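Below is one structure; the comments refer to it alone.
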């Protein structure tokens, strides 16, 4: 996966999580499909945690941290340039 494709997917998922938080669903568990997407993003940067449904707040925090690592270049080796 390219860096730009990874960032696009991650930011779209983060946008969804932030929306859920804004409508007071932050403490609810994300859907299984969202958990799978989060796990795929983690896997692409070499971070293997397994698929689990966490809350939207926890998912958003994880995504913010992962996006920061990818944007800074710390997690780009598994990703291809572009």
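Numbers below:
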item	result
Diffusion constant of the stretch 20-80 at 10 °C, which comes from Stokes-Einstein with the Kirkwood Cα-pair radius and 1.306 mPa s, µm²/s	131 µm²/s
Rounded tilt (10° steps) of 56-72 against the dominant C-alpha axis of the chain	20 degrees
Between 0 and 90°, nearest 10: helix 32-44 axis offset from the chain longest Cα axis	20 degrees
Computed helical MRE - 222 nm, the chain, DSSP H runs ≥ 4 contributing -39500 (n - 2.57), nearest 500	-20500 deg cm²/dmol
On Cα atoms only, tilt of 3-22 relative to the major axis of the chain in degrees	10 degrees
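Rule-based calculations on the coordinates, nothing more; no lab input. Here the structure is a predicted model, which means the values were calculated and not measured.
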